[in-house]
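To keep things clear, I will list the structure first and then write my remarks on it.
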Ligand SMILES: [Zn+2]
């Protein structure tokens, strides 16, 4: 696996913790381990979180519809404007 593969499987994600107009927290999404468990590293601290923990880290609380609060940033769509 080369670097471009690695970058491709690590999309940027953001969350505002489910808070409208909240501070946006950025991180990288990736999968690891046998079960391909999803993990997110926040940019601000370089700490590892589960998606639920990442939303909470962004200032949110426990949410049922987790992925509605996590935005996957598509780099390819930026710069095409
Ligand atoms: Zn952080």
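Derivation of every value follows stated rules applied to the coordinates shown; laboratory data play no part. All values derive from a computational prediction rather than experimental measurement. Because the Cβ atoms are built from the backbone with ideal geometry, glycine has one as well, and the counts that use them run over all protein chains shown.
Tell me which residues, restricted to the stretch 26-38, are farther than 18 Å from residue 74 by Cβ and either in a strand (DSSP E or B) or under 11 Å from the mean Cα position of the chain (by Cα) (or both).
Here is the first cut: in the stretch 26-38, the residues farther than 18 Å from residue 74 by Cβ are 32-37.
Result: 32, 37.
Give the stretch 31-46 a look and list any residue that's in contact with a strand residue (DSSP E or B) (Cβ under 8 Å, 6 or more places away or on another chain) and away from the ligand (no atom under 16 Å from the Cβ), or say none.
Of everything in the stretch 31-46, those that are in contact with a strand residue (DSSP E or B) (Cβ under 8 Å, 6 or more places away or on another chain) and away from the ligand (no atom under 16 Å from the Cβ) turn out to be 31, 32, 37, 38.
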